[in-house]
Amino acid sequence: MTAHEVQTEKVNLLGLTRPAMEEFFLAMGEKKFRAQQILKWIHHHQVDDFEQMTDVGKALREKLARVAEIRGPEVLHEGISRDGTRKWVFEADNGGAVETVFIPDGRRGTLCVSSQVGCAVDCGFCSTGKQGFQRDLTSSEIIGQVWQASRSFGPRKNLGEHPITNVVMMGMGEPLLNYGPVLDAMRLMRDDLGYGISKRRITLSTSGVIPRIDQLSADLDVSLALSLHAPNDELRNELVPLNRKYPLKELMSACKRYSDNITHRHNTITMEYVMLRDVNDKPEHARQLVRLLKGIPVKVNLIPFNPFPHAGYDRSRKADILAFHKFLNDNGVLTTVRTTRGDDIDAACGQLVGEVKDRTRRSERWKASIFHRAEQPDSKTAPAQ
């Protein structure tokens, strides 16, 4: 038995990138090409049992069974919306659960992947943030969402075709605050031995962690989306508290740098803007947004707010959303309105909650504030003076 086999905890091969897998086999005294074999079995064939790997010798299969495993997150629940959207609840190691959503749209299939149990950012309009924060996910738990979703579609007859054509890191959590594991997972998504998804079809959504935005452009220039949601610092400080650390002027400069550094042709950055009634949807906000985005190649995605209990916000009126949309387009800012999908199974944007053992006590404080509001006299029913 080699020193490598003396270890007590098995290595989960699911989250290993190609270089890491090669190092694993070299440490076992095996050839590097074994990494390619195993990666294909894991990600192309969705195998989790070494005995199923028919082109791997029996001795190596037995050795792998002693020191390694292929273990994805356990599926606690799967729901299918009336519009075809699918949502999985996955159990994370050491407790907690995260949610993953698949959105079919013709020949395009987009998987929305989580990066943390809970979220460390606490945007005011997002249900995930109100659950607090438990921990970062490992690379195995992140890519495991793609792996389990792929398995649910059954065996692939043609390995060149895959129901998951796009991945968006827009699920639970702030991906750039869990940088290393997220980067490894996206590298596996990109790798032809993994899922072979092009960089422009992988989108990372961030609230605006500027140092990591700059680092990402050097490490893996996938498509970038920014959770903007406000056109000025005063309002964004309220909606996206991270703005107090990374204000808009600095953030727009970081977005411009990222766009300039992208190596593929599609260097447009998506600006996500949730539409909140009488909060950020007025004509002056549209005018401010046009000025803010000047000189940056962007597409604005207006997102009708998806309500959740005690949110404290309402969805903008349809007429206000359409007027906002028209003003931006008329002033040279490419703008779309997102179609709400999966809201009947709480799979829409901002509705993912999972199960979080909150380390921040944020959830406890939020619930206390709800109770406090409920105890106050309702101003709408107060007698007229």
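General remarks:
- Residue within segment 38-53 that is more than 25 Å from the chain's Cα centre (by Cα), assigned to a loop (DSSP other than H, G, I, E, B) and surrounded by fewer than 18 Cβ atoms within 10 Å (Cβ to Cβ) present: yes
- Options Asn280, Asn306; residue that is within 26 Å of Val222 (Cβ to Cβ), buried (at least 20 other Cβ atoms within 10 Å of the Cβ) and out of contact with any strand residue (DSSP E or B) (no Cβ under 7 Å at 6 or more places or on another chain): Asn306
- Cβ-Cβ contacts under 6 Å between residues 6 or more apart (or on different chains), taken from a first residue in segment 238-250 that is closer than 14 Å to Glu174 by Cα to a second residue that is among the basic types (Lys, Arg), are listed as Asn243/Arg236.
- Residues that are crowded, with 16+ Cβ neighbours inside 10 Å and of a type in the set (A, V, I, L, M) are absent from segment 74-88.
- Pairs with Cβ under 6 Å, 6+ apart, first in segment 32-58 and within 16 Å of Asn12 (Cα to Cα), second assigned to a helix (DSSP H, G or I) and hydroxyl-bearing (Ser, Thr, Tyr): Gln46/Ser150
- Qualifying residue in segment 148-156 (condition: in a loop (DSSP other than H, G, I, E, B) and either of a type in the set (S, T, N, Q) or in contact with a Lys or Arg (Cβ under 7 Å, 6 or more places away or on another chain) (or both)): no
- Criterion: assigned by TED's automatic domain parsing to the domain that holds Pro297, crowded, with 23+ Cβ neighbours inside 10 Å and not aromatic (Phe, Trp, Tyr) - qualifying residue of Thr203, Thr138, Thr128, Thr165: Thr128
- Qualifying positions in segment 182-204 - among the hydrophobic types (A, V, I, L, M, F, W, C) and closer than 14 Å to Ile262 by Cα: Ile202, Leu204
- Within segment 243-279, the residues that satisfy the criterion of being farther than 25 Å from Leu322 by Cβ, of a type in the set (A, V, I, L, M) and at pLDDT 95 or above are Leu248, Leu251, Met252, Ala254.
- Annotation note: of Gly208, Gly171, Gly180, Gly194, the sole residue that is part of a loop (DSSP other than H, G, I, E, B), farther than 29 Å from Ala286 by Cα and in contact (Cβ under 8 Å) with a residue 12 or more places away in the chain is Gly194.
- Selection within segment 214-237: residues that are over 12 Å from Leu176 (Cβ atoms), modelled with pLDDT of 95 or more and of a type in the set (Asp, Glu). The member of this set that is surrounded by the fewest Cβ atoms within 10 Å (Cβ to Cβ) is Glu234.
- Top-ranked residue in segment 89-122 [being of a type in the set (Val, Ile, Thr) and either part of a loop (DSSP other than H, G, I, E, B) or in contact with a helix residue (DSSP H, G or I) (Cβ under 8 Å, 6 or more places away or on another chain) (or both); ranked as surrounded by the fewest Cβ atoms within 10 Å (Cβ to Cβ)]: Val121
- Each residue in segment 255-294 was checked for being of a type outside the set (Ser, Thr, Tyr), in a loop (DSSP other than H, G, I, E, B), closer than 20 Å to Asn329 by Cα and out of contact with any helix residue (DSSP H, G or I) (no Cβ under 7 Å at 6 or more places or on another chain), and 3 pass.
- Selection over segment 86-99 of residues that are modelled with pLDDT under 90 and touching a Lys or Arg at 6+ places or on another chain (Cβ under 7 Å) gives a count of 2.
The values are calculated or read from the model by the stated rules, or taken from the named source; none is laboratory data. Keep in mind it's a predicted model, so treat the numbers as computed, not measured. Cβ coordinates were reconstructed from backbone atoms using ideal geometry, including for glycine residues, and neighbour counts include every protein chain displayed.
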